[in-house]
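See structure below.
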Amino acid sequence: MKKTVLIAFLLLFQFSFSKPITETQKLAATCKVWGFLKYYHPNVTDGSKNWDEQLFQILPKIEEAQTSEAFSLVIENWIDSLGEIKKQETLKPNVKKEYFDKNFDLSWFNKNELFSKSLSKKLKFIEENRNKKQQFYYTSKPYIEVINEVKYKDFKWTDKNLRLLALFRYWNQMEYFFPYKYKMDQSWDSVLIEMMSRFSNPESEKDFALAMREISIKLNDTHASTQMKQMSDYFGDKFITADVVFIDNKAVVVALKNDSLAKIDDFRVGDVVTKVDGKTVGDLINENLKYAEGSNMPATLKNIYWAVFNGKTESIEIEFIRDNTTSVKKVKRYTYSKLKITNAKNAAKWKLLDDAIGYVDVERIKADELPSVMSQFKDTKAIIFDARKYPKEANIEEDIAQYLYPEEKAFAKFIDADLTYPGRYVWREDQKTGKTNVDYYKGKVIILQNEKTQSHGEHLVMCLQAAPNATVIGSQTSGADGGTCRFEIIKGYSTIFTGFGIFYPNRKETQRVGIVPDIEVKPTILGIQQGKDEVLERAILFAKNGK
């Protein structure tokens, strides 16, 4: 009896440590190890190994491994084949770094159920004795730039090895060098598990291509998306002649791309489109959220236009409301080149409004125009800086701040990737601007913003917001401050994401949250139909009475 119990116990013990593992588990763990070694192992980070080829050689062995013990042994033998790593003497750094570590987590060394204790120990040793000098696969200027990746000009989606390489490259690039990974709705580890089958066993080329798009959208970053030529094949390359904003799951026409072409379809500003080819606008939005980039919902809605209205056909049927009457009609679609957009900029870059209130369009103002503008506005009771579009002039915010700040002041703080410790970020010194200026502008400084206020635009608002007597009016911004990093994942698939982190000097976040307005004002359907700029009107009211 005792012998039977002992045998049963031994069998149970053996099974518990030798249970079968799935392909997804193995590939996900391999992805993490491959990326870690790529950025940490001194004999890999020097570029002496063909690291892609190393992956292709190890994948068949990974496939053969049926237990966690077998898997760990394959990985350990692989690491051993890379050559000896010299143990480094621990030295005190010359410069003390203040780390931002919300993204950093290598605890998976010890938490992965596929890893043996000896494998975990090897990985930890590599971390402690990592390459701390120049890297082969990336540099920083000041945000990460991907370098020395093989392009694979003959890439075919049917090649499983190259599909997995594309996933492994992208996932690890974001794992170590996306500064806002910790702000995502979904953990990056769970994204890897979820998307693995889409890359290892896609149903079709379309499924693979859309997976490349979807994984970048999961960053919840308005800058982040993957671009490929197939997008126009799948979603169409023809546009309607109207520009819209989405309010309450309806598309409201706010401008016409081409007056003469729009007249053919009788599009009018204020028309409210409720259905497209029989589907409600709300349903079309929900179906396509996984393809539209955005740090927050307003930003996503700004970017989802093409998924709702674009297509391959020459026309579509829309249901729309005008003057409280619901109608249905066909409208034409055009390729971008044939659309011949005519909404040219005719409005003034700056002007004096009623009751001594100045107005400046920061999208178009140039630095060399500021002396004349600020001289003209120096005795006004308020200046309204309209930041609802993207500034074209580099560093225009600091040029404006010279007139608004009484002294030098910090308005932003950055984090940069630590090139000696991939995945970790270091706080940079405060970004300051301004100078001692007793003649600084003493009226109200009013900044207008909305979901089109993005990146440089958000940085501009942060800068002007730090001026005395400043008030921000409008709605949630795009929530994607910071410079962008672009690279080609593999031939035909280019991607972009926010490359470094930007915060307020007190380290308050702006990513996803955006710049929070002091007075929230959103356009309404009625206001659009009446031709009002409700945000600007609210700013003028505030300039006059301070309320």
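Laid out as a table, the results:
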{"item": "Residue-averaged [θ]222 nm for the chain, counting only DSSP H segments that reach four residues, each worth -39500 (n - 2.57)", "result": "-11000 deg cm²/dmol"}
{"item": "Only Lys, Arg (+1) and Asp, Glu (-1) charged, at Cβ; the chain dipole about Cα centre in debye", "result": "560 debye"}
{"item": "Residues Val33, Val146 arranged by fewest to most Cβ contacts within 10 Å", "result": "Val146, Val33"}
{"item": "Label corresponding to Rg and Dmax of the Cα atoms in Å when calculated from the structure given, among (i) 24.7, 81; (ii) 27.4, 88; (iii) 27.7, 101", "result": "(iii)"}
{"item": "Cβ-Cβ FRET estimate between Lys96 and Asn506, R0 fixed at 25 Å, reported to 0.05", "result": "0.75"}
{"item": "Net lengthening on full extension, Ala347/Asn77 (0.36 nm per residue, minus Cα-Cα)", "result": "90.4 nm"}
{"item": "Rounded to 5, the percent of DSSP beta bridges in the chain classed as antiparallel", "result": "75 percent"}
{"item": "Sequence-distant aspartates and glutamates (8 or more away, or on other chains) whose Cα lies within less than 13 Å of Lys351", "result": "Asp361, Glu369, Asp386"}
{"item": "Fully extended contour minus Cα-Cα distance, from Lys491 to Asp354, at 0.36 nm per residue", "result": "43.8 nm"}
{"item": "Protection-proxy order for peptides 441-448, 230-237, each taking the mean of Cβ atoms within 10 Å per residue, highest first", "result": "441-448, 230-237"}
{"item": "Exceeding the 31 Å Cα-Cα cut-off - candidates Lys366/Lys409; Lys381/Lys522; Lys257/Lys444; Lys102/Lys547; Lys26/Lys452", "result": "Lys257/Lys444; Lys102/Lys547; Lys26/Lys452"}
{"item": "Lys312/Glu194 FRET efficiency (R0 35 Å; Cβ-Cβ; nearest 0.05)", "result": "0.75"}
{"item": "Contour minus Cα-Cα distance for Ile247 and Glu408 (0.36 nm per residue)", "result": "53.9 nm"}
{"item": "Efficiency of FRET between Asp323 and Asp439 - r from beta-carbon atoms, R0 56 angstrom, step 0.05", "result": "0.60"}
{"item": "Distance (nanometres) between label positions extended 7 Å along Cα→Cβ at Asn43 and Thr274", "result": "6.9 nm"}
{"item": "Ranked by how many other beta carbons lie within 10 Å on average, peptides 299-308, 203-212 from highest", "result": "299-308, 203-212"}
{"item": "Ranked Cys463, Cys31, criterion: other C-beta atoms within 10 Å, fewest first", "result": "Cys31, Cys463"}
{"item": "Residue order, fewest to most beta carbons within 10 Å, for Leu59, Leu219", "result": "Leu59, Leu219"}
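We did not get these values from a lab; they are worked out from the coordinates using the rules stated. Note that the structure is a prediction, hence the values are computed from the model and not measured. Cβ sites come from the backbone with ideal geometry, for glycine too, and all protein chains shown count toward neighbours.
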